[in-house]
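So the structure is just underneath, and the comments pick up after that.
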Amino acid sequence: MRLFMRLIAEDRQQPNQLSSMENLELLHHTMLFKGSSDEELELALGLFQERQVKSNTTIFTENAPAEALYIIKSGNVRISIMTGEGHEQGLLLLSPGEFFGELALIQGEGRLTTAKSEGQTELLTLTRKDFQALLDLDPRTGSRLLIAINMLLAMRIRAYGPRFRNLLTA
């Protein structure tokens, strides 16, 4: 199985070796891959695609089909929700090394938020289909990603818990 994953990774390698090294370093420092070996990181990196995003570009919108997780390589991404007719409420401003869209790997339902680039942005993208392949072919690395996603979701629930309580009691 590892040989098959290596073949997938080699087939998707970026032509720029420096870019591949930068991407490997990015994954190494991302919460998603905490504790992963260099070999696991190289295999996982082969499943990611790079995406260049122009300034002020919508990456996905609320209720759109959830298809991928994104890791910010450079630039910033604002996560927001629509609170009323045409009114957008910013929730988070994410920077390099942070990730978003993680629910797409777990469920295929519509997005809960909107993500928009702030400035020129580079992203690494992992589709649900490629994540499923990772789970099948390298369960250890795939399960680490799931644990990291669960930890992030728990942190966000704790952080937003008081806000939700205030909304419900107002």
Discussion item. Need the full-extension length gain, ASN150 to LYS34, defined as separation in residues times 0.36 nm minus the C-alpha distance. One decimal, nm.
Written reply: 40.4 nm
Worksheet item: Lys/Arg Cβ at +1, Asp/Glu Cβ at -1, dipole of the stretch 24-170 taken about the Cα centre: which of GLN49, GLY97, MET155 is farthest positive-ward?
Response: MET155
Worksheet item: Given +1 on the Cβ of Lys and Arg, -1 on the Cβ of Asp and Glu, and no further charges, what dipole in debye does the stretch 49-169 carry about its Cα centre, rounded to the nearest 20?
Response: 320 debye
Worksheet item: Put +1 on the Cβ of every Lys and Arg and -1 on every Asp and Glu Cβ in the stretch 22-170; which of ALA66, THR141, THR125 then has its Cα farthest towards the positive end of the dipole?
Response: ALA66
Discussion item. Through the Karplus equation 6.51 cos²θ - 1.76 cosθ + 1.60, θ set to phi - 60°, convert the phi angles of the stretch 87-92 into ³J(HN,Hα) values in whole Hz; use x for Gly and Pro.
Written reply: 9, 10, 10, x, 10, 9
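Taken together, the values in this text are just the output of simple stated rules run on the coordinates, not laboratory data. Please read all numbers here as calculations on a predicted model, not as lab measurements. Neighbour counts are summed over all protein chains in view; Cβ atoms, including those assigned to glycine, are modelled from backbone coordinates with ideal geometry.
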